[in-house]
Every structure is written in C-alpha cells, then in structure tokens.
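Structure first, commentary second.
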2 protein chains.
Amino acid sequence: MIASVDPRTGIVVEEIGEPTGDLDEVCARAEPALTDLVDLGRAGRAAMLRAMAAALEVRRAQIVAVADRETGLGPQRLGTELTRTTFQLELFAQVLEEGAYLEATIDHAGTTPAGPRPDLRRLLTPLGPVAVFGASNFPLAFSVPGGDTASALAAGCPVVVLGHDAHPATSVLAAEALLEGARAAGLHSSVVGLTFGHANALRLVGHPAMRAIGFTGSVRVGRMLADLAAARPDPIPFYGELGAMNTVVVCPAAASDRGAQIGAGLAASMLLGVGQFCTKPGVAILPAGTAGAAIREAVLERIESAPAGTMLSDRIATAYAFGTSRLVQTPGVEVLARGGGTPDGGSWGTPLVLGADPDALHGDLVEECFGPVLLLVEYSSDEEALAILRRFGPGLTATVHADAADRTFARRLLDLATRTVGRVVWNGFPTGVAVTWAMHHGGPYPATTNALHTSVGATAIRRWLRPVCYQDVPEDLLPDELRDVPTAALTRRVDGRLRLES
Amino acid sequence: MIASVDPRTGIVVEEIGEPTGDLDEVCARAEPALTDLVDLGRAGRAAMLRAMAAALEVRRAQIVAVADRETGLGPQRLGTELTRTTFQLELFAQVLEEGAYLEATIDHAGTTPAGPRPDLRRLLTPLGPVAVFGASNFPLAFSVPGGDTASALAAGCPVVVLGHDAHPATSVLAAEALLEGARAAGLHSSVVGLTFGHANALRLVGHPAMRAIGFTGSVRVGRMLADLAAARPDPIPFYGELGAMNTVVVCPAAASDRGAQIGAGLAASMLLGVGQFCTKPGVAILPAGTAGAAIREAVLERIESAPAGTMLSDRIATAYAFGTSRLVQTPGVEVLARGGGTPDGGSWGTPLVLGADPDALHGDLVEECFGPVLLLVEYSSDEEALAILRRFGPGLTATVHADAADRTFARRLLDLATRTVGRVVWNGFPTGVAVTWAMHHGGPYPATTNALHTSVGATAIRRWLRPVCYQDVPEDLLPDELRDVPTAALTRRVDGRLRLES
C-alpha cells in the first residue's frame, strides 16, 4: 500500500494498493503488448493516442482535483499541464501519420564505386517494452501519461511506469484512462503497466523484459539507476533527465536598459511552481555596479514579499531546507533576500536569494538545489563572466540577456552555450518547455545521461527505436513502409535522395 | 616503440615510435581542432574529406603493401578495402553537402493548443573530440581512416585514434595521409591524432577531453571499455561493435532446390578473410534429412580442401586455436570437417566445421569464435528451428534462405529476426556490408553496445552529434542553416512541415 499524502497538511488521505500486481507479471504482460502495438500500425497507434487523450479529457475534473490534493500545484497549473499532455498525445499521433520519423530508406540493388550492392531497405523498429519513471514535479506531463509514455507508445513500445510516491492516486487514475483509451482503439493488452516503490524501481531497471528506461529526477537517483542499467548483463539505454543550474547571463547594456524588467522576470521564473522545475534559473550572472543593481533590487523586492510555497512532498521540502542551509553556511555566500516563513504542518519551502563570490563557485554552489532558491553572482569584465559561466559546466539551458550594444560579448556567450547546453534562450527565461518539433530538452551530463536525444518534443520518439535493415527481402515480406509502393505515401530516402510526401 | 610484425612469418619487421607524443598532449590538441572543424562549415569539411581521400589514393601502393605485410590479407582484398574507404569519405562529403543530417528545424513563434510558444530552432551540433579504436581485421576500413573516423570528422568532431597493435605502420601511414588532406584543405590543427597501446586505451576512454568512443572488436574488450565509459564522472556514449553469430537458417524447399549452391556460398562466406569478419556466418541451421545433407556435403567438401589461412596476429591465431579446441571438446559437438594444417612460424588458422546437437546450444557454442569456424545444427520442425534461432539471441545479422514454398515459415523467421538483429539477409550471406544510406551495421547487445546507431553507412554520422535548440535568438547570431534564408538551401522542417531542398 502506498500512502497518498496532502502536502498542504501532511495528512495521509488514502492508501493506494498495488494496481497491477507483481512486477514480474506486469513486465510479462508488456511483451505480448509489443506485438499488438506493432500490428496496430501507425494509423492504429495514432487512433489509440487520440483515444487516450479523449479518455483523459473525460476525467479532467477528477484528475486535476486529485493531482492538486496530492501535489499542491493548484488547479490552474494542473489544468494547463493536462492540456499539454493531451496536446502531446495529439502531436505524436501526427508524427505517426506523417511517418518521416521511421527514416525509411530504400537503396535498390546497383553498383557503387566500392562494388556492387544488394537491395537494402532500412527503417526504425521499436526497441521493445520500456520503463518510465514518473517525476514528482509534473504529475501529468512527466509521469504516467507524460512525454516519455506518449513517445514510447507512439514508437510501438509498451510502457511500464514506476509511479511516483508523491502522487499515487493521480497515477492510478491516469493509468486507467490510458488503458481505457487503448481499449477504445481495440487494444486489450497491457500497453501501460503501473507499479510503485523503491524496490520495484531497482528491479525494473534490471528486468530482462525492459529494453530502455526513461527517467526524470535528481542527479543522485538518476545516476544510480543509469549505473544499474549500464551494469546489466545486457546494458540498455537509460534516458535520464537530471539536474541543471540553468545559468542566466545579463549583458551590461541589457541590464542598463531594462534591469527592473529582467529582475521581475527572473524572480517570476524562479518562483514558478515553487522553484520545482528542471529549468528553474539557478544562477544569474549580473554586471557589477549600477546596471546589475537594478536587476538585483527588482529580484530582492519580489522575493522578500513572496510567501512560502507548498512543495511536492515532505521529502522534497526537507531536502530543500537541508540544501539551502548548506548553501547559506558556505564561505563566500550571503543571504540577500528571504520570503515568507513556513507554517507548521505540511511541506513548505521559503523562497531565497543568495549572493556568491565568484571564487566560491564550486561544490554545492554549482549544483542544482531543487526549489525556490536563486544565486546572484557579479562580474566585472567579459572574461570574468565567461569564466563564471564555465564554472557551471554543462546544463539543460543557458540564457543570455543582451541588447544591440552587447552584440560582441553576446556572441561569445552564445558560442560557449552552444558547446555546453541543450537550449540557448535569448532575452527570455528558461522555464517553459514547449512541446514542438524544434524543442530540445536535454544536454551533456549531468543535464542528462544521454545528450543525443530529447525528452520533450516530436523527436523524443527516436529514443525508443532502433534501425533494422532488410537485404534482398521480397516486397511482400517487407514492412509496408519499405515497399516500392507503400499503402500510404510517406517521406522516404530512395537511392540516396529524400522524396517528400505529406 | 610498437613492433610491426609480419604474420606470415612472425618476424618483427620494424619498430614504430609513438607518432604524436604523450596522450594528454594528443587530446589537448584535439580541443582547438573542434573549433577549426566547426568554422570550416559543411562545404569546407566536405572538401577536407575529399582531400583526405586524394591523399590516401596518392599513397595507395605504399599503404596496400605495408598493410599486406602487417596483416596478411593480400593486396587484392586490401586494394578493395582502400577503395571502400575513399568512397566512404566521398559519401560523407555528399552527406555534408546535402545537409539533411543536421535535422534543422524551425518553429516560428506562435500559439499552440498548449499555449504560446517562442521561436525555436533546432539542429545537430558536434559532441566534441572523440576516440576511435582501430580494429585488427579491417586495417583501412575500420581503423585510422575507416567509417568511424570519416563520420566523426564529417560531423565536425576531431578524432584521436588508438591504432591497433597488429598494423602500426599502416596506421602511421594512414594518419599522415589524413593530416596531409586536412592541410590541403587549409586546416593545420590536429584533426586526427594517433596513439597506441593498452595503457593508452584505458586512459583514452577515461580522458576528460573525449566526448564519445567508437570501437570495433571483441565482446570481452568492448564490454570492459563500455563499462569504463559508463563509470566516468561524466559518462560518454560508447559505440561498440562487438561480436555476433550471424545465424543462417535454410528452409526446407530452398535446401531441396539448391542445397549445393547454398553450401558453396556458405563455405565461401565463412572462409572470407580467414573468417575474420564481424559478419562471418557462425552457425547454419539446416533441415534434417536429405535436403540439409546436400548443403552439409557442399560445405564439408570445400572446407576439407581449404588450406590454413594467415590470421591477423599471433594473438588472434592463438585465441582461435584455443577457442576451437574448447568447442571441439564440448559434449554434443563433433568435428565434421577440418581444412589444411598450420605451417610452423607465423599466425595461422585451420578452417573447421562442427556439428552440434540442439540441446548443446549454450555457453561457448552460442558465442562468436573469431576465425574460420562454422557450426551446423539440424532441425526437424519449424518450431524447433525457431527455438534454435532464439538460442543465439540478439546479433548483427540473421539470414534466411527460402523459396516460394517456404513462405509461411520464412515469415515467422523474418518476424523473429526483425526483433533480434540489425540486418536481415534474404537468400544471401551476411558478409559484405555496403557503405550506403540504407545500411545498418549494429544490433541489440552483445552485437553492439548501442543498438540505436550504426557504424557503417551514411547515418553513422548521427553518433557524433547532439541537438541544440535556440530560443528567440536573432537571425544574425544563429548558425547559417537555421536562418530563415540560409546561404545554401537544405532540407529542413519548418513549422512542422518537411521542406525538401536538394
């Protein structure tokens, strides 16, 4: 039984039973579901994803209410999050209909300068059943029905979700909706399984039936699980989206021109969801002197008047309190602003802004602290700003605020950011990760455990697919998408040339 | 100093000095080369790859002669291999010119059902310097100038090669040619470094400057290095192409119709390069009775008359002798044919065909033995053949020989093969891996350590690239390929739609 706790009060509201039985049984049921998903074909899987979205919509009021009670994130935010999730299912339905994601490639038999070649036809095929770890901070968008699940099902991979302990009732509701959607599309096998608990987390990563893992969470847990996946007798891909500092650099002219506005935006971005976003700005690198001072004042003013916020769970609130107390005690660090105190009972976090000496930037100070804490660091020259940025190493995002007069310096910052992060933000803030074709949510370690692939956006589907090549196989034994004349036209590469169909 | 040995005699012909100095220096020189390769742009890197091919051609006679003296593979095979290598450089030049490999994607700012989205532009960017491990069995195609090096340089990643001890002089010659090609293209930095030795192999995988590893070799060494890469403070991708049994299943009608022809093809494929291909057929699964007997007889006849062949090195010849003696002593295994004996001196391997009882298929019998040994197994029913095929687990390839009358059975074999290997061959043999767009050379572990990507063919370039996304970045600060109007047209996805340019 898993306790479903209200983080606003700390009270256990209900106890949730294991929804789908023993882990071995859950994994065993995923294997035949692979054949069913493959047999459905692209059009059938697109219909299934849409039916899943519809089934979530039918339960919208209930899902949002239960998720709010379990996470304290508020009905408005959770409503938006559910809309994002159903939109994501629709996007992957469109990806399937288009079909270019298969990378279907036909090289007819012929001669090449390196000799004759047989008829070769390549496309991407699902890896097999995969495990998805629900994240605490997005109970609908990075959990049972989130981007990992949607992209894996689209690829044709059955999913076993390790539900997050911080929202078990939400997880059960969402899993029921997804399975109802599958049944509405004529699929009665276990395309989505659900399990809970730390012991099952470890067993899942090591389970022979699992062919890949999707994870969103901390560096500590993510690395431990990645190491387990790599140490299997048959290592499998581990797609972990871990932690990042999400550096923000403000150039001098931008700071002079619109310091108050930048400061207000920074405070709002850092407070969003009580600082519990993987893209929360963790550090702002500001010009010393009056230009930077305007930003600083705008940030501090907002944080001092900000109330404590409900955090996702008692464990997370405790980790935040512990983490910030370590930061505060670090030599070279001073407290610049503190928000409202935490009430008794429940899981609360007090917003906090710290100033740091550039020389102090190592250890805890350059690592993510999950929650509403922001570090301010000042620079006195372009070189110093670049050196400070390098201290924070690879990450998910880097943000540059610059005006026309900052152009030369900004270009150097962009060049460094391109080499070290997955998304470069210009005159904006890193929170907000749009579900779209061009999005990339990832970055070199420790931002993610696999920098080559994204966990958000249409290309997230690539993580669950591997190529297979058919040599001289007769037309009628080939997958439809590799026949000379497929049933439905799709973009393919034929004899070296891309041929567009849409 | 590394000894350059003639495997036909076992005599050390020359001693090769470390060509490019201390490993830390080699790696340090790779980092500025990254900037140079990126600055060259796609057209500049295409010119560089062609200049490298030209520099190899200028040295063709010398390279083939030295490689033959070091490997015993013979001038004809090595000439073909060099042609393959220069063709491969040309193919990647074409991949660069086309530009679709960048996956350039533009989503203009707008509104979506999930809310407003900023301007987002994504493309693939080089990972950074990478290490490539030369393989003993393809001194020109999977070594200093092979597919890993060509695809990494095309991507914009400088390469540090761990040259194989079995052909050090060839490696030095090839590295000189590649650097001369780079200089001809105006690039004077260390785009290709070369080092040798077991100690440097381990240091290279752990070196902070290295961002990915390409490897072709044994399961034992590959797994050890993959584990090292995964255990780094910052884990990096390890693309290991390891071992495979390359199963061949012959269906009953095909066996009856053309048993002698299939047997002759099987023997030739297994003897190619003295069995030292990663795609060597390791086991043939044949129908019991007269149909299978014709294949068996044709194989045995050819193997009994085959001479011993020069193997690549004394270490490999010793491993082959040891491995086959273990197989011969396994219960349930009988020797069916043995080729010519090995002369004194040098590194030799005797061709060998073994028969195995289906019940004996575990342990050594289902794992690759590098060299000219083939296992024959008989089946009495479709179910038994499928069960035998499953015993061999995942692999690089699976081959099916079938006629029209075998169609139902063949479809079941193809379905199983699609789920377990990277390339499915129909009425052919697995040796021969064409360099083309549709080729896939890879497969689930232990065939490779990363089943998502190939080490042969145009898409091999994807291994050395990671996505980066620009949010609201002004046109003039974006990479050329992401501007609304790029200098040279290329295929991109704009606002969700692929737009073809060629």
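Does residue A:66 fit the bill of being part of a helix (DSSP H, G or I), under 25 Å from the mean Cα position of the chain (by Cα) and within 25 Å of residue A:201 (Cα to Cα)? So residue A:66 fits the description; yes. The set of residues in the stretch B:463-480 being closer than 21 Å to residue B:110 by Cβ and more than 8 Å from chain A (Cβ to nearest Cβ) consists of B:475, B:478. Checking each residue in the stretch A:153-173 for being over 19 Å from residue A:206 (Cα atoms) and either assigned to a loop (DSSP other than H, G, I, E, B) or within 19 Å of the chain's Cα centre (by Cα) (or both) picks out A:153, A:154, A:155, A:156, A:165, A:166, A:167, A:170, A:171.
Going by the structure shown, is residue B:438 more than 8 Å from chain A (Cβ to nearest Cβ), in contact with a strand residue (DSSP E or B) (Cβ under 9 Å, 6 or more places away or on another chain) and crowded, with 21+ Cβ neighbours inside 10 Å? Judged against the criteria, residue B:438 is not a match.
Total residues in the stretch B:191-208 satisfying the condition of being in contact with a Pro (Cβ under 7 Å, 6 or more places away or on another chain) and assigned to a loop (DSSP other than H, G, I, E, B): the figure is 2. How many residues, within the stretch B:192-204, are closer than 16 Å to residue B:233 by Cβ and buried (at least 24 other Cβ atoms within 10 Å of the Cβ)? Of the residues in that region, 1 qualify. For the stretch A:3-18, taking the residues that are in a loop (DSSP other than H, G, I, E, B) and over 25 Å from the mean Cα position of the chain (by Cα), the one that is nearest to residue A:66 (Cα to Cα) is identified as A:8. Considering only residues in the stretch B:219-248 that are assigned to a strand (DSSP E or B) and within 18 Å of residue B:395 (Cβ to Cβ), the one that is nearest to the chain's Cα centre (by Cα) turns out to be B:241. Residues in the stretch A:120-135 include none that are at negative phi, modelled with pLDDT under 95 and not hydrophobic (A, V, I, L, M, F, W, C). Evaluating residue A:302 against the criteria (1) in contact with a strand residue (DSSP E or B) (Cβ under 7 Å, 6 or more places away or on another chain); (2) closer than 30 Å to residue A:9 by Cβ leaves one unmet condition, (1). Considering only the stretch B:392-409, I want to know if a residue exists there that is surrounded by fewer than 20 Cβ atoms within 10 Å (Cβ to Cβ) and under 24 Å from residue B:280 (Cβ atoms). Checked the stretch B:392-409: at least one residue is surrounded by fewer than 20 Cβ atoms within 10 Å (Cβ to Cβ) and under 24 Å from residue B:280 (Cβ atoms).
Filtering the stretch B:481-500 to residues that are surrounded by 14 or more Cβ atoms within 10 Å (Cβ to Cβ) and either within 11 Å of chain A (Cβ to nearest Cβ) or not basic (Lys, Arg) (or both) leaves B:481, B:482, B:486, B:490, B:491, B:492, B:493, B:494, B:496, B:498, B:499, B:500. Of the strands (runs of 3 or more DSSP E) entirely within the stretch B:78-149, those holding at least 1 residues that are crowded, with 21+ Cβ neighbours inside 10 Å and within 12 Å of chain A (Cβ to nearest Cβ) occupy B:105-107, B:120-126.
May I ask you to verify whether residue A:68 is among the acidic types (Asp, Glu), within 14 Å of chain B (Cβ to nearest Cβ) and out of contact with any Cys (no Cβ under 8 Å at 6 or more places or on another chain)? No: the conditions fail for residue A:68. Of all residues in the stretch A:168-186, those that are of a type in the set (S, T, N, Q) have Cβ atoms under 7 Å from Cβ atoms of residues that are in a helix (DSSP H, G or I), 6 or more apart or on another chain, in A:170/A:63; A:170/A:66; A:170/A:67; A:170/A:70.
If the condition is being assigned to a loop (DSSP other than H, G, I, E, B) and among the polar types (S, T, N, Q), then the stretch A:291-316 contributes A:305, A:313.
Taking the numbered list (1) of a type outside the set (A, V, I, L, M, F, W, C); (2) modelled with pLDDT of 95 or more; (3) at negative phi in turn, residue B:275 passes all entries but (3).
Within the stretch B:443-454, the set of residues being in contact with a Phe, Trp or Tyr (Cβ under 9 Å, 6 or more places away or on another chain), more than 7 Å from chain A (Cβ to nearest Cβ) and not polar (S, T, N, Q) comprises B:453 only. Of all the numbered requirements in (1) assigned to a helix (DSSP H, G or I); (2) farther than 27 Å from residue A:367 by Cα; (3) within 11 Å of chain B (Cβ to nearest Cβ), residue A:211 misses one, and that requirement is (1). Looking only at residues in the stretch B:448-470 that are in contact (Cβ under 8 Å) with a residue 12 or more places away in the chain and of a type in the set (A, V, I, L, M), the one that is surrounded by the most Cβ atoms within 10 Å (Cβ to Cβ) is B:460. Testing residue A:279 on (1) in contact with an Asp or Glu (Cβ under 8 Å, 6 or more places away or on another chain); (2) under 30 Å from residue A:462 (Cα atoms); (3) surrounded by fewer than 24 Cβ atoms within 10 Å (Cβ to Cβ), one condition comes back false. Which one is that? Exception for residue A:279: condition (1). Look at the stretch B:407-431: where a residue is more than 7 Å from chain A (Cβ to nearest Cβ) and free of Cβ contacts under 8 Å to residues at least 12 places away in the same chain, no partner that is buried (at least 20 other Cβ atoms within 10 Å of the Cβ) and among the polar types (S, T, N, Q) sits 6+ places away or on another chain with Cβ atoms under 7 Å. Scanning the stretch B:51-63 for residues that are out of contact with any Ser or Thr (no Cβ under 7 Å at 6 or more places or on another chain) and part of a helix (DSSP H, G or I) yields B:51, B:52, B:54, B:55, B:58, B:60, B:61, B:62.
The values are calculated or read from the model by the stated rules, or taken from the named source; none is laboratory data. None of these values were measured; they are calculated from a predicted model. Neighbour counts are summed over all protein chains in view; Cβ atoms, including those assigned to glycine, are modelled from backbone coordinates with ideal geometry.
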